[in-house]
1. Considering only protein heavy atoms and a probe of 1.4 Å, how much of the accessible area of region B:4-98 is carbon and sulfur, as a whole percent?
2. Considering only protein heavy atoms, with the full assembly of protein chains and a 1.4 angstrom probe, order B:32, B:97 by accessible area, largest first.
3. Suppose every Lys and Arg Cβ carries +1 and every Asp and Glu Cβ carries -1, with no other charges. What dipole size does region A:2-112 come out with about its Cα centre, to the nearest 20 debye?
4. In a GNM of chain A with a 10 Å cut-off on Cα contacts, which of A:79, A:31, A:40 has the highest mean-square fluctuation?
5. Work out the charge dipole of chain A with +1 on the Cβ of Lys and Arg and -1 on the Cβ of Asp and Glu about the Cα centre, then indicate which of A:1, A:93, A:40 is farthest towards its positive end.
6. Counting pairs of alpha carbon atoms under 8 Å apart in space and at least six apart in sequence, what relative contact order in percent does chain B give?
7. With springs only between Cα atoms under 10 Å, which of B:69, B:88, B:53 fluctuates most in a Gaussian network model of chain B?
8. Starting from the Kirkwood Rh over alpha-carbon pairs, what translational D in µm² s⁻¹ does chain A have by Stokes-Einstein at 25 °C and 0.890 mPa s?
Amino acid sequence: AQSVTQLDSHVSVSEGTPVLLRCNYSSSYSPSLFWYVQHPNKGLQLLLKYTSAATLVKGINGFEAEFKKSETSFHLTKPSAHMSDAAEYFCVVSPGGRRALTFGSGTRLQVQP
Amino acid sequence: SAVISQKPSRDICQRGTSLTIQCQVDSQVTMMFWYRQQPGQSLTLIATANQGSEATYESGFVIDKFPISRPNLTFSTLTVSNLSPEDSSIYLCSVEMDYGYTFGSGTRLTVV
């Protein structure tokens, strides 16, 4: 069994300040972990993916995430927020083996000017 | 990267009718996944569709309500039957590729 907990339903930051979106996971397997972003009325876009190669994963648009097995966490960070980062972010876990994803509840990121 | 063409992008349907959603992938894939995203919610898996076999449904979803077809390795349909307002959601298909999972653009269904 696997599950994902996104610790904040809503995060608000000022433009140019750091972003931290928190995610904890539970999995019986060695999981694959993902972050997806969904802009309003747009489709889901893959930000980054962890598959046990390197614990620090770099993604698109300056985002990165660090896998910490001891803390079962996979937090998403960005050094400097941009207005275009305002969106819904989903932390997602997969057990691998071409099986379906389990989505977290999502974190809505607001970026204030 | 794989491209999924999903249609329709949106529809407004009368209660009691059905809507069939199509997903076409530009490469062959073994499994396709169907998700529902209710308003303001996260995505929930409806079923996994394997070519040549019956779809596998998640708890709370049944074949009579959400029949799925998977006639070949590039195409699948999801039908939402006997529509009620509670079925108003975004429905998405997804496939796994080497770099991660890719999603269709979604079908926004409104039941009136």
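The values are calculated or read from the model by the stated rules, or taken from the named source; none is laboratory data. As the structure is a prediction and not an experimental result, all values here were calculated from the model. So basically every Cβ, Gly included, is an ideal-geometry build from the backbone, and we count neighbours across all protein chains shown. Side chains included, ligands, DNA and RNA excluded: accessible areas come from the protein's heavy atoms. Shrake-Rupley method; radii C 1.70, N 1.55, O 1.52, S 1.80 Å.
1. Values: 2140 of 4640 Å².
Carbon-and-sulfur percentage of accessible area, whole number: 46.
2. Values: B:32 0, B:97 40 Å².
Greatest to least solvent exposure: B:97, B:32.
3. On the way: 10 positive and 7 negative charges, 76 e Å.
Rounded to the nearest 20 debye, it is 360 debye.
4. A:40
5. Result: A:1.
6. Working: 277 pairs, mean separation 41.6, N = 112.
It rounds to 37 percent for chain B.
7. B:53
8. Numbers: Rh = 14.0 Å.
So the translational diffusion coefficient is about 175 µm²/s.
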